[in-house]
Amino acid sequence: MGKIIISVEAMSDITEQIQNEYNIAVVPMEYMVDGKVYNTRDGMSYDDFYAAMRNGAVTKTSQVNTEEAYNHIETLLKSGADVIHFSMSSNISGTYGNFRFAAEDLNKRYGNRVRVVDALSASCGIMLPAVACAVKAEKENCSLDELFDYAEQLKHNVSALFTVDSLKYLARTGRVSMTAATLGDAIHLKVALRVSEDGFLVPYKKVLSRKRALSEIVGATKRMYVPHFDTIYVGHAGCPDDADHVANELRNALNVKVITLPLGPVVISHGGPGSICIYFTSDGRAIK
């Protein structure tokens, strides 16, 4: 089989180490802090970004437009490889649609050598199936369509559970009302959230402390984890001690490889500093 390049957007929060280890191409993305435009390739440090949010900075994100998607994929095709691109949930952003549009045109010009996967997830929920495909491609020398079919099946078994430190950031994006966020923060209400089967971010349980929120998403992960992929990712936004605690709980309970990593500006613009997210494989995304 010919060479296949696997690609993701920067919203996947893939680290440079993982990118290099699995030869995954990354599309940079832009974000704004108090009206100033930055790029994930060479923008603010994560710690500076978290600090800016804590100090009240207004942050916004933008999708990858069709021209950017087209240019990214065409560059990969010109290397002689086929391309499979993993995009954030179409129910979160229009980026997936832009990649699909670009791929349709490029497939006419380059002989049907591009596939685009709607990961129906965000952050490491995009990275995990991309890495799994990279592993499968290396071991089995799959065709482009075989790898695409595998990705389309696997993505429905990639779960994402998370909690945030403050509800005000979810209120900014309309996921909770500002009134509910203000009252919730006042009584230290925490929410456990998940990525639904159709790729929406939805709350599924409310608790009255950070400790209980972490316990909730750890407990659900323990009940749900199925080793379709042998690694769990724990992402955090400026709270490495909490991430290490969650990771150790999962390692001890499941005897599985757990990697902690920082979450970047695109996803944290919506969740805020203090967010903790767990990404793992399961038999479907329903909470157990």
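How many lysine pairs are close in segment 1-139, with Cα atoms under 30 Å apart and the two 8 or more places apart or on different chains?
10
How much length would be gained if the chain were fully extended between residue 255 and residue 23, taking 0.36 nm per residue of separation minus their Cα-Cα distance, in nm to one decimal?
Value of the extension gain: 80.8 nm.
Ratio of alpha-carbon Rg to the 2.2 N^0.38 Å globular estimate for segment 249-288, to two decimals, please. If you can, show how the numbers build up before the last one.
Details: Rg = 12.8 Å, N = 40, 2.2 N^0.38 = 8.9 Å.
It is 1.43.
Averaging sequence separations of C-alpha pairs under 8 Å and six or more residues apart, then dividing by the length of the chain, give the relative contact order as a whole percent.
20 percent
With runs of 4+ DSSP H residues as the only contributors, calculate the mean residue ellipticity of the chain at 222 nm using -39,500 (n - 2.57) per run, divided by the residue total and rounded to the nearest 500. Working shown, then result.
Numbers: 11 runs with 123 residues, N = 288.
Counting only the DSSP helices, I get -13000 deg cm²/dmol.
In whole Hz, what ³J(HN,Hα) sequence does segment 57-73 give by Karplus (6.51, -1.76, 1.60; θ = phi - 60°), x for Gly and Pro?
4, 8, 10, 9, 10, 9, 7, 6, 7, 5, 5, 5, 4, 4, 5, 4, 5
Please give the net charge around residue 86, taking every other residue with its beta carbon less than 15 angstrom from that of residue 86, where Lys and Arg add +1 and Asp and Glu add -1.
Summing Lys and Arg as +1 and Asp and Glu as -1 gives -2.
To the nearest 10 degrees, how steeply does helix 240-254 sit against the main Cα axis of the chain, on a 0 to 90 scale?
It is inclined by approximately 70 degrees.
Could you list 85, 72 so that the one with the fewest beta carbons within 10 Å of its beta carbon is first and the one with the most is last?
Values: 85 26, 72 21.
In order of increasing Cβ crowding within 10 Å: 72, 85.
Rule-based calculations on the coordinates, nothing more; no lab input. What you are looking at is a predicted structure, and each value in this text was computed from that prediction instead of being measured. Glycine gets a Cβ as well: all are built from the backbone with ideal geometry, and neighbour counts include every protein chain shown.
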